[in-house]
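J.: Mind looking over this structure? Questions follow.
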Amino acid sequence: MRIGYGWDSHEFKLGIPLKIGGVTLEHPQGLGGHSDGDVLLHALTDALLGALAEPDIGTLFPPSDPQWNGADSVVFLREALKRMREKAYGIVNVDATLILAAPKIAPHSPTIRQRIAELLGIPLDCVGLKAKTPEGLGTDNAAIAHAVVLLQKD
Ligand SMILES: [Zn+2]
C-alpha cells in the first residue's frame, strides 16, 4: 500500500468561474492562477503523484506554459490516474479538507463528492470531504485544499 498527500492554494479573483472538485459553483469570484484554479483537483492530483513518487503537478504541467492557461484540471488528474494504472495501483480511498471563507461548501458537498468519485472511478463512500473556514489565518481571499490518498497494488 502507498499513501500520498497533496496541498494547494489559489487566490480569489473577480469575474472568473469558481471550480472546486470539478464542479462549477455559483460565486462572484473564481480562483486564479494555474489552469482553472481547481484547488481541490490540484491537491488530489499531487496526492496521487506523491503516492507514486512521480514528479508533482507543477513539474508535469508548468504554470509558465501558456497551454495550461484556463485548462480543465481534470486533464492533470487523468494523467496522475494513468501513471497510477501503469504502476498497477488502485485507489482505496481519498480524504480532503477545503479551507475557505466563502462560499459555504456544505450545500455543494454531495455534488463535489459524487464528481470526485466519478473522476477517480471509486465508490462514493470512499471519498471524504470536509470544509472549514480559515479562523485566524487571515486567508479569506484564498482557497486552500489538503488531500490524502491511499493506494493498493492491484
Ligand atoms: Zn493549484
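J.: If a residue counts only when it is under 21 Å from V127 (Cβ atoms) and of a type in the set (A, V, I, L, M, F, W, C), which strands (runs of 3 or more DSSP E) contained entirely in the stretch 1-51 have at least 2 such residues? Write out each step before concluding.
T.: On the way: elements: 2-14, 18-20, 23-25, 29-31.
Because the criterion is at least 2 residues that are under 21 Å from V127 (Cβ atoms) and of a type in the set (A, V, I, L, M, F, W, C), the strands (runs of 3 or more DSSP E) in the stretch 1-51 that meet it are 2-14, 18-20, 23-25.
J.: Of all residues in the stretch 139-154, count the ones that are in a loop (DSSP other than H, G, I, E, B) and at pLDDT 95 or above.
T.: At the first step, the residues of the stretch 139-154 found to be in a loop (DSSP other than H, G, I, E, B) are 139-141, 154.
Now drop any that are not at pLDDT 95 or above, which leaves 139-141.
Adding up the residues that qualify gives 3.
J.: Please go through the stretch 5-60 and pick out each residue that is of a type outside the set (S, T, Y), within 12 Å of H146 (Cα to Cα) and surrounded by fewer than 24 Cβ atoms within 10 Å (Cβ to Cβ).
T.: Within the stretch 5-60, W7 is the sole residue that qualifies.
J.: Next question. Pairs only if they're at least six apart or on different chains, beta carbon under 6 angstrom, first in the stretch 87-114 and under 23 Å from F12 (Cα atoms) and in contact (Cβ under 8 Å) with a residue 24 or more places away in the chain, second among the β-branched types (V, I, T) and surrounded by fewer than 20 Cβ atoms within 10 Å (Cβ to Cβ); list them, first residue then second.
T.: I99/I144; A101/T133; T111/V23; I112/V23
J.: Keeping to the stretch 79-104, report how many residues are farther than 18 Å from G128 by Cβ and touching a Leu at 6+ places or on another chain (Cβ under 8 Å).
T.: The total comes to 8.
J.: Output the residues belonging to the stretch 127-154 that are crowded, with 16+ Cβ neighbours inside 10 Å, free of Cβ contacts under 8 Å to residues at least 60 places away in the same chain and in contact with an Asp or Glu (Cβ under 9 Å, 6 or more places away or on another chain).
T.: The one that is crowded, with 16+ Cβ neighbours inside 10 Å, free of Cβ contacts under 8 Å to residues at least 60 places away in the same chain and in contact with an Asp or Glu (Cβ under 9 Å, 6 or more places away or on another chain): V127.
The values are calculated or read from the model by the stated rules, or taken from the named source; none is laboratory data. Remember, predicted model here, so these are calculated numbers, not experimental data. No Cβ is skipped: glycine too gets one built from the backbone with ideal geometry, and neighbour counts run over all protein chains shown.
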